[in-house]
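Read the structure below first, then the notes.
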Amino acid sequence: MEIFISTTCFGTGNTSLKAALSYLKDFDVQGLELGSTHCWEENLESEVGKMWGGQIFTHNYFPPAREDLVIDIASDDDDVRNSSISHAQICIDVASRLGANLYTIHPGFATSASLDTAGWGARQFDFKFSDSSAIKRSQRAMHMYGSLKKLISYATQRDVRLAVETQGSITSPNVSLLETIEDFNELFNEIPDGLMINFNLAHTIFAAHIHRFQLDEFVEQFRDRFAAVEISHNDGKGDQHSPLVPGSFALDWIARLKDIPIILEFRDASRYEIETSISLARIAIRAAA
C-alpha cells in the first residue's frame, strides 16, 4: 500500500503551495496529493518539479485560479458550471504535465454555494450554502453527469484518471451530491466507464450516519472503483481533518483497504503529528499483510 500526504496538511486557510512543498518534501512517503487549499502563485508547476520527485495526485482546486472561484460542476448557473468545467480542464492539463495519474474532482452541490472567505483563517473550509429549500437535487445531478462526461473525455486524452470524491457531512448534511449508495448507483448507471472514486473515509462515515446505510455495504459494492482513500481522524461530530492517533477508527480501514493508495489528508498538522500518522499507517498496513 502506498502512502501519500496531502499538501493541505500545511497550515490553515489559503496557504502557499511552495511553503507546503518545503514543509512536506522530506517525509518518507511515496507520493503527494496537491490539494485545494492554496493561493494562486506564479510558476507552481516548476516549483513542484524542483521540490518533489515522487508520485503525484492532484485534487479539485489545484492549481488555484488567479481569481476566486467556486468549482461546482453541478450548478444551475450556466456561467458557474461552465467556468468550473473550464478550470477543471486546466487542472487536468497541469496534472498531465506534472505526470500525475489521478485528478480528483468534487461532484458539486445540491444547493447554491459561495466561498466562506471569513473562515479561511480558522479551521473552517471553503463554503457556505443557501437554504436547503432551494435544493433541486435531481436537476443538479443531471448537470453533474454532463460535466463529468466532458471531463472524462478530456482527461482520457491526457492520460489522467478522473475520480470523484465521496461526500457527507454532519454539520452540513445533504448539501453535496454523491452521498448515498443510490447516488453512486445512479452515477455509474449513467457513466459506466472511465470514472473512479476517491473514497474519503470520514465523509462516507458521516453520510452513512445521516442516510442510514452500512459503510461495509458501500465499500463492498464500490471498492473496485477506489483509486485512492483519503484518511483523517475526527471526533465524530465534524470533519476536523485531524492527524491519526492510536486507536483511531481510520486505522482499521487502512488495514481493510490494503493495496489501495492512502492519502493522509489533514489540516495544520505538525511534523510530529505527520510522522506519527505515517508510522501508525505503516503498522496498520503491516498488520494487514
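The values are calculated or read from the model by the stated rules, or taken from the named source; none is laboratory data. Nothing here was measured: the structure is a model prediction, and the numbers come from that model. Cβ placement follows ideal geometry from the backbone for every residue including glycine, while neighbour counts extend to all protein chains displayed.
Some values worked out for this structure:
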quantity	calculated
Scan of the range 189-217 for residues that are buried (at least 20 other Cβ atoms within 10 Å of the Cβ) and out of contact with any Pro (no Cβ under 9 Å at 6 or more places or on another chain), ordered by number	195, 197, 198, 199, 200, 201, 202, 203, 204, 205
Qualifying residues in the range 19-42 (those that are within 20 Å of the chain's Cα centre (by Cα) and within 17 Å of residue 65 (Cβ to Cβ)) - the one surrounded by the most Cβ atoms within 10 Å (Cβ to Cβ)	34
Breaking point among (1) surrounded by fewer than 14 Cβ atoms within 10 Å (Cβ to Cβ); (2) over 19 Å from residue 101 (Cα atoms); (3) among the acidic types (Asp, Glu); (4) touching a residue at least 12 places away in the same chain (Cβ under 8 Å), for residue 76	(1)
Residue 170 being more than 21 Å from residue 35 (Cβ to Cβ) and not in a helix (DSSP H, G or I)	yes
Residue match in the range 214-234 (condition: among the charged types (D, E, K, R), in a loop (DSSP other than H, G, I, E, B) and out of contact with any Cys (no Cβ under 8 Å at 6 or more places or on another chain))	no
Close pairs from the range 41-54: first among the aliphatic types (A, V, I, L, M), partner part of a loop (DSSP other than H, G, I, E, B), Cβ under 7 Å, at least 6 apart	44/63; 51/25
Residue 208 vs. criteria farther than 16 Å from residue 281 by Cβ, in a helix (DSSP H, G or I) and among the small types (Gly, Ala, Ser)	yes
Residue in the range 178-186 that is crowded, with 24+ Cβ neighbours inside 10 Å and in a strand (DSSP E or B) present	no
Selection status of residue 67, charged (D, E, K, R), at pLDDT below 90 and over 23 Å from residue 194 (Cβ atoms)	yes
Condition check for residue 61: touching a residue at least 12 places away in the same chain (Cβ under 8 Å) and part of a loop (DSSP other than H, G, I, E, B)	yes
Which numbered condition residue 82 fails, given (1) assigned to a loop (DSSP other than H, G, I, E, B); (2) exposed (fewer than 15 other Cβ atoms within 10 Å of the Cβ)	(1)
Selected residue (only one of 21, 32 is touching a helix residue (DSSP H, G or I) at 6+ places or on another chain (Cβ under 7 Å) and assigned to a strand (DSSP E or B))	32
Criterion violated by residue 75 - all others in (1) among the small types (Gly, Ala, Ser); (2) closer than 25 Å to residue 136 by Cβ; (3) in contact with a helix residue (DSSP H, G or I) (Cβ under 9 Å, 6 or more places away or on another chain); (4) modelled with pLDDT of 95 or more satisfied	(4)
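Results for (1) of a type outside the set (Asp, Glu); (2) touching a His at 6+ places or on another chain (Cβ under 6 Å); (3) crowded, with 24+ Cβ neighbours inside 10 Å; (4) part of a loop (DSSP other than H, G, I, E, B), shown as yes or no for each residue.
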residue	(1), (2), (3), (4)
50	yes, no, no, no
67	no, no, no, yes
70	yes, no, no, yes
94	yes, no, no, no
104	yes, yes, yes, no
111	yes, no, no, yes
